[in-house]
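Down below is the structure, laid out as structure tokens.
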Amino acid sequence: MSKSKKSAIFHYASSETDADLLYLAGFRSGDPFVYAHVGRKRYLIVTDFEVGRATEESNVDEVIALSGLAAKAGGIDLYDAALRFLNDKGVGTIIVPEQFSIGIAKRFEADGIAIEIVEGAFVPERAMKNSYEVKLIKETQRKAEKAMEAAIQWIRSSSVRRGTLYVSGKPLTSEMVRKRIELQLMEQGCLAAHTIVACGDDGIDPHNTGSGALRANKPIIIDIFPRSLNHYYWADITRTVVKGKATPTVKKMFRAVREGQRIAMTMIKPGARADLIHKAIHDHFEETGFQTKMANGRMEGFIHGTGHGVGLEIHEMPRVSKARGKLKAGHVITVEPGLYYKGHGGIRLEDLVLVTPEGGKSLTRFAKILEV
């Protein structure tokens, strides 16, 4: 163990798949690199060919080329360079996130570097968005809304034959609508995966992406959550539509879910307890006649949380669910109550909401219309 008591906030990963590292470094890379915060200075160690781009894009104080350290260590391995850097700086302990590589951690420990793991959020300030981050999220949301409009318009313009939706003489399927959504988002510089277009009982499982022909007079859940390929911030929107006439029960479910959203909006403000917002929606559903319970081997009713944070990850802190926690100004959260019953299908409505000192401000502009 090193005798030095100096510690460093440290990460070793690819920022393309690690939102904490992307936030800390401000540098996007599919290859692993090293971030270290020692004293008042922040450093990156990157491969030689990434030095120019990292220097231009990152928000750190110094970018170090791999060869500048690894050559002295007798190799070109990123780990060797990182170890040499830590020893040169007199660092004896590195502070790392929970998801830090066990293999890399063991190597550091074997070489005399102590590991301190941060439990929970490694970068808690990431949950509070500044005005620029809100702008980027809104930009992605506008593109998601454009894709939503294209999807709903296609459903609206379809014809109905024997209860099935048709376009150009062929059945309109979940797969076709999903492809149109994802292609349009790609054309706008966004990447979407696992887009949900779930009709009827496909929609009673909130994460069922949907398959097969879309049916008339049945609820169709459309859940779109793209990531910008330019700045990597996500967006999230869900709407539920019926081509034709919804049943009285589905109409009642839709009204209840829409009212659940309204209830949440009246409660959202800094200091509000997220679990009480979730409970208020749950209680509203119960009072409206929509119970949450186990039936025929599966849960039905309001079977998921009310919302989650959105930013550099599609699911991040805070959670709006049964778990206790308080909202803070700058949080960007989804508000997405839903109801799910076999034989009726699912209803879910989802908006993005910014928590401001004055309350909740919707970042979503898209209308909520059931029958199209």
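The values are calculated or read from the model by the stated rules, or taken from the named source; none is laboratory data. These figures come from a predicted structure and were not determined experimentally. Methodologically, a virtual Cβ is constructed for each residue, glycine included, from the backbone with ideal geometry; neighbour enumeration extends over all protein chains shown.
Would you say Arg215 is surrounded by 19 or more Cβ atoms within 10 Å (Cβ to Cβ), in the same structural domain as Lys245 (by TED's automatic domain parsing) and within 17 Å of the chain's Cα centre (by Cα)? No; evaluated as a whole, the condition is false for this residue.
Out of all the residues in segment 301-319, is one or more within 22 Å of Val250 (Cα to Cα) and over 22 Å from the mean Cα position of the chain (by Cα)? Yes: segment 301-319 contains one or more residues that are within 22 Å of Val250 (Cα to Cα) and over 22 Å from the mean Cα position of the chain (by Cα). Summed over segment 233-289, residues that are in a loop (DSSP other than H, G, I, E, B), out of contact with any strand residue (DSSP E or B) (no Cβ under 8 Å at 6 or more places or on another chain) and farther than 21 Å from Val197 by Cα total 2. Asp77 meets the conditions (1) farther than 30 Å from Pro219 by Cα; (2) in contact with a Gly (Cβ under 7 Å, 6 or more places away or on another chain) in every case but one. The failed one is (2). Gln99 fulfils the conditions (1) in a helix (DSSP H, G or I); (2) in contact (Cβ under 8 Å) with a residue 40 or more places away in the chain except for a single criterion, (1).
Scanning for something more than 24 Å from the chain's Cα centre (by Cα) and assigned by TED's automatic domain parsing to the domain that holds Ala216, does segment 353-372 turn up at least one residue? Looking through segment 353-372, at least one residue is more than 24 Å from the chain's Cα centre (by Cα) and assigned by TED's automatic domain parsing to the domain that holds Ala216.
Among the residues of segment 108-149, write down those that are in a helix (DSSP H, G or I) and among the β-branched types (Val, Ile, Thr).
Residues of segment 108-149 in a helix (DSSP H, G or I): 108-110, 124-127, 131-149.
Of everything in segment 108-149, those that are in a helix (DSSP H, G or I) and among the β-branched types (Val, Ile, Thr) turn out to be Val134, Ile137, Thr140.
Highlighted here are the strands (runs of 3 or more DSSP E) found entirely within segment 329-372 that include at least 3 residues which are at pLDDT 95 or above and in contact with a Ser or Thr (Cβ under 6 Å, 6 or more places away or on another chain): 351-356. Summed over segment 290-328, the residues that are surrounded by fewer than 21 Cβ atoms within 10 Å (Cβ to Cβ) and assigned to a loop (DSSP other than H, G, I, E, B) give a count of 16. For the condition hydrophobic (A, V, I, L, M, F, W, C) and more than 28 Å from Lys342 (Cβ to Cβ), Ala127 qualifies. Would you check if Val38 is crowded, with 18+ Cβ neighbours inside 10 Å and within 17 Å of Ile117 (Cα to Cα)? For Val38, the condition - crowded, with 18+ Cβ neighbours inside 10 Å and within 17 Å of Ile117 (Cα to Cα) - is met. When residues in segment 86-112 are screened for being surrounded by 16 or more Cβ atoms within 10 Å (Cβ to Cβ) and under 34 Å from the mean Cα position of the chain (by Cα), 10 of them pass.
For segment 200-216, how many residues are assigned to a loop (DSSP other than H, G, I, E, B) and out of contact with any helix residue (DSSP H, G or I) (no Cβ under 9 Å at 6 or more places or on another chain)?
Initial filter on segment 200-216 (assigned to a loop (DSSP other than H, G, I, E, B)): 205-212, 214, 216.
Checking which are out of contact with any helix residue (DSSP H, G or I) (no Cβ under 9 Å at 6 or more places or on another chain) leaves us with 205-207, 216.
Number of matching residues: 4.
Could you please let me know if His207 is surrounded by fewer than 17 Cβ atoms within 10 Å (Cβ to Cβ) and on the phi > 0 side of the Ramachandran plot? It would help to see each step written out before you state the result.
Numbers: surrounded by fewer than 17 Cβ atoms within 10 Å (Cβ to Cβ): yes; on the phi > 0 side of the Ramachandran plot: no.
Taking the combined requirement at face value, the residue does not satisfy it.
Please identify the pairs in which a residue from segment 56-77 that is assigned by TED's automatic domain parsing to the domain that holds Gly39 and in a loop (DSSP other than H, G, I, E, B) has its Cβ atom under 8 Å from the Cβ atom of a residue that is among the hydroxyl-bearing types (Ser, Thr, Tyr) and at pLDDT 85 or above, counting only partners at least 6 apart or on another chain. Filtered contacts from segment 56-77: Val60/Tyr35; Val60/Tyr43; Asp61/Tyr43; Ile76/Ser67.
For Tyr79, the conditions (1) of a type in the set (Phe, Trp, Tyr); (2) under 30 Å from Trp234 (Cα atoms); (3) surrounded by 16 or more Cβ atoms within 10 Å (Cβ to Cβ) all hold with the exception of (2). Hey, could you check segment 133-169 for residues that are touching a residue at least 24 places away in the same chain (Cβ under 8 Å) and among the polar types (S, T, N, Q) and say which is nearest to Met186 (Cα to Cα)? My answer is Thr140.
Applying the set (1) under 27 Å from His315 (Cβ atoms); (2) loosely packed, with under 15 Cβ neighbours inside 10 Å; (3) in contact with a strand residue (DSSP E or B) (Cβ under 9 Å, 6 or more places away or on another chain) to Glu16 leaves exactly one unmet item: (3).
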